[in-house]
Amino acid sequence: MVDGRSATHFINSWAKFSRGYNLEDVDMPFLDRIVLRSSEPVRTPRFVHIEYTTKPPVLIGRTDANEERKKETSATLLKLTKEQVQVLKRRANQDVVGVTTIRPYSRYESIAGHIWRCACKVRAVDSHNSQSTRARIGVDIHNSQSTRARIGVDIRNRLKPSLPERYFGNAISATVTPIRLYEDLLSKPLSYSAGKLR
């Protein structure tokens, strides 16, 4: 199993071979799998990582996440101009409350925080938040629905020592945000969701 970066390197190397490049002219992949193994015995975690042990949040009023996954979903391509990205980044950084020494939120953190909030907003107005559902389960989904975000992170440069640039394998690790409520993400400024993603 390899990640996208490794697959791209493989395809580029294959293309160079196909064009007649010599083996010396091609950056050969780094195939040593031992680099990701610990030189010491693996220690048990110091504390329970609840974000990895709990099941993903299920929509309130539903008992099974698998049923929700069977529903038809739609995909869209989000196109943002440079100006829109700058506005999101500015908004994420201007709303930082009570913290003066924090480094500014990146474009990625600002955009990802905005998308997370938008996903919550769309789900909150879904049919599950209808009057009949609220009456049946006795709770306002908009306020008490839990959510979290899972993001794949390239760990090549985060390890010490870092992985070789040409490492061929899967160097993606999933990170999970703490569970938050829709209400928190939607009522608080963009800096809140960007901070939870950080």
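Only the coordinates and a few stated rules stand behind these numbers; no lab work does. Remember, predicted model here, so these are calculated numbers, not experimental data. So basically every Cβ, Gly included, is an ideal-geometry build from the backbone, and we count neighbours across all protein chains shown.
Computed values, structure above
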{"read-out": "Phi to ³J(HN,Hα) by Karplus 6.51 cos²θ - 1.76 cosθ + 1.60 over segment 166-181, Hz, x for Gly, Pro", "value": "9, 4, 10, x, 9, 10, 10, 10, 7, 10, 10, 6, x, 5, 10, 9"}
{"read-out": "Reach of Lys70 by Cα under 20 Å, taken over lysines that are not fewer than 8 positions away in the same chain", "value": "Lys55"}
{"read-out": "Lysines whose Cα lies under 24 Å from that of Lys89, excluding same-chain neighbours fewer than 8 positions away", "value": "Lys79, Lys121, Lys188, Lys196"}
{"read-out": "Exposure proxy ranking, count of Cβ atoms within 10 Å, fewest first, for Tyr108, Tyr182, Tyr192", "value": "Tyr108, Tyr192, Tyr182"}
{"read-out": "Interchain or long-range residues, amide H under 5 Å from Tyr167's placed H", "value": "Phe30"}
{"read-out": "Nonlocal amide H pairs with Val2, under 5 Å, H built at 1.01 Å", "value": "none"}
{"read-out": "Sequence-distant residues sharing a close amide H with Ala149 (under 5 Å, placed H)", "value": "Thr177"}
